[in-house]
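Single-structure report; data block below.
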Amino acid sequence: MSELLLAVDKLSVRFAVRSGWLRPKLQLQAVSEVSLTLQRGQTLAIVGESGSGKTTLARALVGLVQAWQGTVHFDGAPVPAGDRRALQALRREVQLIFQDPFGSLDPRLTVQDIIAEPMQIHRSHDPRQRGQRVQQLLAQVGLPPESAQRYPHQFSGGQRQRIAIARALAPQPRLIIADEPLSALDVSIQSQVMNLLSALQREHGLSYLLISHDFAAVHHLADRIAVMYLGRIVETAAVDELFSAPAHPYTAALLDSVPRVHRGRVGKRPPGRSLRGEMPSPIHPPGGCAFHPRCPQAQTLCAQVAPSPQARGEGRLVACHFPLTAARND
């Protein structure tokens, strides 16, 4: 059996937008030729600024938004775009944990019905066993049995996220896509949810596609990281390798924007690596390398030619004409 669970090749997503009533529609390139792979039992984190296309990519993988081009293979089999039967089968194997634990749960349903709903849709369990399955899932995510008869508004944010995790586990998927699962939670609760996700992965052999801007969570949970900028993957590497020596200037700027404490004071950023300016509009992206207007190392070539991903060591890809070579000085 192949260890490769998910393979995405040059996936692109476009949206038509209208800038005015009398003006023609414009194309917003939300995701542009993204390629990535995920091994069984591993966690791939996708990081980047807000607006970089992370959530759109996640939704495209399960058919919630239509891909314009590219292919998705799950467990070696292609997932044809627009094929409802194929997408239905995929969604049993791939479940989503949404970012907002307050908006992602139907307030009209009890927890029992919320968790049982995926089992009904995918017919993954005998109807007579679903109640027992719900109780098992509540125990796994650390909620008492009586939670099944309560409603979402009766729970805290952290408890709601545990319910969302239980719902995602209900049809026994092999891959869970977690879209910013910690961002709406208090810091004190975030570590509990991270530990829960790690424990569930070990227990069930799950694979995770983790979308996050929280580098502490990424470092704790991920095996590999893909860095996304303006719809493109600019760097992919093992988590320890990327944290210790980022090769793309954007990756270095992201890491250096995270405050670090040294001997009781906040550490200074390395000179020339701070992230400046705003991300360009995906409707009118810059020519050449999309990052060049903000890049401290940009040269004439960067504004003229878009770099393609190049291998830099085993398992590492970098889309940059002038990648960094020196390790970060922490």
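Nothing in this text is a laboratory measurement; each read-out follows from the coordinates by a stated rule. The model shown is predicted, which means the values in this text are computed figures rather than measured ones. Positions of Cβ are generated from backbone atoms using ideal geometry, with glycine treated the same way; all protein chains shown enter the neighbour counts.
Return, for the Cα atoms of segment 40-84, the radius of gyration and Dmax in Å, separated by a comma.
12.0, 32
What does the charge count around Ser32 come to, taking other residues whose C-beta lies under 14 Å from its C-beta (Lys +1, Arg +1, Asp -1, Glu -1)?
In short, +2.
Excluding Gln192 itself, what net charge comes from residues whose Cβ is under 12 Å from its Cβ, given Lys and Arg +1 and Asp and Glu -1?
Surrounding charge for Gln192 is 0.
Exposed loop GluC sites (Glu not before Pro) only (DSSP loop, at most 15 other Cβ atoms within 10 Å): please give the longest stretch of the chain free of them, not including the sites.
4-277
Largest first and in whole Å, what are the equivalent-ellipsoid semi-axes of the chain based on the Cα gyration tensor, each being the root of 5 times an eigenvalue?
For the chain, the ellipsoid semi-axes come out as 35, 24, 19 Å.
Give, as ranges by residue number, the residues of segment 150-178 whose backbone N falls under 15 Å from the point 7 Å along Cα→Cβ of Arg108.
In segment 150-178, the label zone of Arg108 (backbone N under 15 Å from the point 7 Å along Cα→Cβ) covers 152.
Evaluate the distance, in nm, between pseudo-label points positioned 7 Å from the Cα of Arg85 and of Ile283 along their respective Cα→Cβ axes.
4.1
What are the ³J(HN,Hα) values, in whole Hz, obtained from phi via the Karplus relation 6.51 cos²θ - 1.76 cosθ + 1.60 with θ = phi - 60°, for each residue of segment 226-243 in sequence order, with x given for Gly and Pro?
Once rounded to whole Hz, the list reads 10, 9, 10, 9, 6, x, 10, 7, 9, 7, 9, 6, 5, 4, 5, 5, 5, 5.
Taking the mean number of other Cβ atoms within 10 Å as a proxy for protection, how do you rank 162-168, 212-218 from highest to lowest?
162-168, 212-218
Check Val31: other-chain or 5+ apart residues with amide H under 5 Å from its amide H, H built from backbone geometry?
Val13
Can you tell me the relative contact order of the chain? Whole percent, Cα pairs under 8 Å, sequence separation 6 or more.
Worked out over the chain, it gives 19 percent.
How large is the helix-only mean residue ellipticity at 222 nm for the chain, computed as the sum of -39500 (n - 2.57) over DSSP H runs with n ≥ 4, divided by its residue count, in deg cm²/dmol to the nearest 500?
Helices in the chain give a 222 nm mean residue ellipticity of -8500 deg cm²/dmol.
Put one equal scatterer on each alpha carbon of segment 1-97, apply the Debye formula with no solvent term, and list log10 I(q)/I(0) at q = 0.18, 0.20 1/Å to two decimals.
Evaluating at q = 0.18, 0.20 Å⁻¹ gives log10 I(q)/I(0) of -0.87, -1.04.
Please give the net charge around Ser124, taking every other residue with its beta carbon less than 12 angstrom from that of Ser124, where Lys and Arg add +1 and Asp and Glu add -1.
Within the 12 Å Cβ shell, the charges total +2.
To test your reading of the geometry: what angle, between 0 and 90 degrees and rounded to tens, separates the Cα axis of helix 157-169 from the longest principal axis of the chain?
80
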